[in-house]
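Below is one structure; the comments refer to it alone.
Nothing in this text is a laboratory measurement; each read-out follows from the coordinates by a stated rule. Note that the coordinates shown come from a computational prediction; the quantities given were computed from them, not determined experimentally. Positions of Cβ are backbone-derived with ideal geometry, glycine not excepted, and every protein chain shown enters the neighbour counts.
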């Protein structure tokens, strides 16, 4: 385990991810037949789109890293590759330890069954055993503040309640690495504060955190380090405060007028 | 080192098993939720389908069989329904769960497998109906059922697991398969000795046996109606089909699985 500490709990070496954009591919047979020559040609000349381009990054155990950048710059792709949900086109990824990915709260929740049943299934999907899930259930329910609603079908939940339960399950899956993708923007301010307080607690316990966010204030607050991605390339890597500043001044230069941060 | 590897493998197996159990339990629960009759539908639906076939074949087409017509149809129809419904339901099992596949890391094959398990439960619930019809015709089920049912159910289960791996993986890239499959399964329904015994085919029996389901359905019927245990000699086309389905299914699934998250 100590060699992991030296190398970093997450190591990306020259990672690139290419998606092929299928330009104007015919959607039905008639169009396909009528445009057969161009169809065959266009399929061969699929346009490559590099979502990540030669990214190297090493994250040490216990570090909390903010990933910032404009929409479509590859932030989510980066998280999905670290979470092993997508394979890099080239390069290597090494992750030591158990990962919990909060890419979407309550993925797999079913509206027709109760919050309790969904919480158990979701926890097992995220990597707990049924026994562990059952043990942590009281904690999860308490955190979600759902009270008696926990035994109601989830279709009766408000979207806020849905998010609360999703977050409560995800953070109670004990992991070495927590990946958070812009999921905290939802929910009311009070619950957001609670989530951040919980993430802070996990950080104090030595959990490595990778946070993708457009909320630059929270990146500065919660991350020791930040990276700026643009067009799939890693532009700057450093302490969160200067990186955020540089990002803001780039935006300012681009728009040509000062942005209040 | 070996102990560590074994522990990890065991941990993975346990997780997959628990996930399969929870997903199957959820599907079972959801299937007849908000219906008045609930699980009774599992029994009524195949029975009504059997009744329709009985009326058409017995009173409209007036076919002649050496055993009572209801005993030709029901003991074959119910295991067939397990196969057909599983295949149709499992085809979009991966393709329809894109959101889950893209956001959560878990063994993907539990999705198609859980539909097979779900339909197996429904099939097992219909066995008492077969038993009632067998008893009503004056036959006595004996110990062979206790051996034959688990053996044939296991063969059909493994065959189905291979089949659903294949079709659920292909369906991600080729969703026409769902529609194609419905037509093919309808065709297979008539090519499999379900509404007629295999013997009616005379010298074409050997051709019909190329279909792996043919020998399996015939074995189910012989078990329920004649208390005959299947032998490997009777079942070999199905066993070969089963082995092929598992090999091809897991190979194709393993190959295509990597691209699921990107394709959905």
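Separation of segment A:195-252 from segment A:130-160 is 30 Å, based on Cα centroids. A Förster radius of 56 Å combined with the Cβ-Cβ distance from residue A:142 to residue B:185 puts the calculated FRET efficiency at roughly 0.70.
Compute the angle between helix B:212-226 and the longest alpha-carbon principal axis of chain B, please, reported from 0 to 90 degrees and rounded to the nearest 10. Computed tilt is about 50 degrees. Compute the Cα gyration tensor for the protein assembly as shown, then decide on rounded, prolate or oblate, letting a ≥ b ≥ c be the square roots of its eigenvalues: rounded whenever a/c is under 1.5, prolate when a/b is larger than b/c in the other cases, and oblate in all that remain. Prolate is the answer for the protein assembly as shown, as a/c is 1.5 or above and a/b outweighs b/c. Across all directions, the average flat footprint of the convex hull enclosing the Cα atoms of segment B:24-263 is 14.1 nm².
When A:90, B:114 are arranged by Cβ crowding within 10 Å, least crowded first, meaning fewest neighbours, the order is A:90, B:114. Overall form of segment B:59-118: prolate. Here a/c, set by the Cα gyration tensor axes a ≥ b ≥ c, is 1.5 or more, and a/b is the larger of a/b and b/c. In this structure, residue B:135 and residue B:99 have a Cβ-Cβ separation that, at R0 = 51 Å, corresponds to a calculated FRET efficiency of about 0.55. Across the alpha-carbon atoms of segment B:224-264, the computed radius of gyration and Dmax are 17.1, 52 angstrom.
Using only Cα atoms, figure out Rg for segment A:167-241 and give it as a multiple of 2.2 N^0.38 Å.
Working it through for segment A:167-241, the quotient is 1.13.
Annotation: extensible slack from residue A:230 through residue A:56 equals 61.2 nm (criterion: 0.36 nm per residue apart, minus Cα-Cα distance). Annotation: the antiparallel percentage among DSSP beta bridges lying fully within segment A:168-240 is about 55.
For the pair segment B:201-239 / segment B:28-94, the C-alpha centres are spaced 20 Å from each other.
Please say if segment B:133-257 is rounded, prolate or oblate, where rounded means a/c under 1.5 for a ≥ b ≥ c the square roots of the C-alpha gyration tensor eigenvalues, and otherwise the choice is prolate for a/b larger than b/c and oblate otherwise? Spell out each step's value before the answer.
Working: a/c = 2.20, a/b = 1.74, b/c = 1.26.
Verdict is prolate for segment B:133-257.
In plain terms, the C-alpha convex hull of segment B:1-90 casts an average shadow of 9.6 nm² when viewed from every direction. Quick one: angle between helix B:110-136 and the longest Cα principal axis of chain B, in degrees between 0 and 90, rounded to 10, please. Taking Cα atoms only, the helix is inclined about 20 degrees.
Between the helical axis of B:40-55 and the longest alpha-carbon principal axis of chain B there is an angle of about 40 degrees.
Kirkwood hydrodynamic radius computed over segment B:105-182 comes to 15.0 Å, based on all pairs of distinct alpha carbons. Note on residue B:5 and residue B:66: the extension gain reaches 16.2 nm, defined as 0.36 nm multiplied by sequence separation minus the Cα-Cα distance. Taking 0.36 nm per residue of sequence separation and removing the Cα-Cα distance, the residue A:201/residue A:248 pair yields an extension gain of 14.0 nm. Using the Cβ-Cβ distance between residue B:204 and residue A:151 with R0 set to 56 Å, the FRET efficiency works out to roughly 0.45. Working from label points 7 Å from Cα in the Cα-to-Cβ sense, the residue B:149 to residue B:262 distance is 4.8 nm.
Counting DSSP beta bridges in the protein assembly as shown, what percent are antiparallel, to the nearest 5? Intermediate values should be presented prior to the final figure.
On the way: 21 of 38 bridges.
Bridges in the protein assembly as shown are about 55 percent antiparallel.
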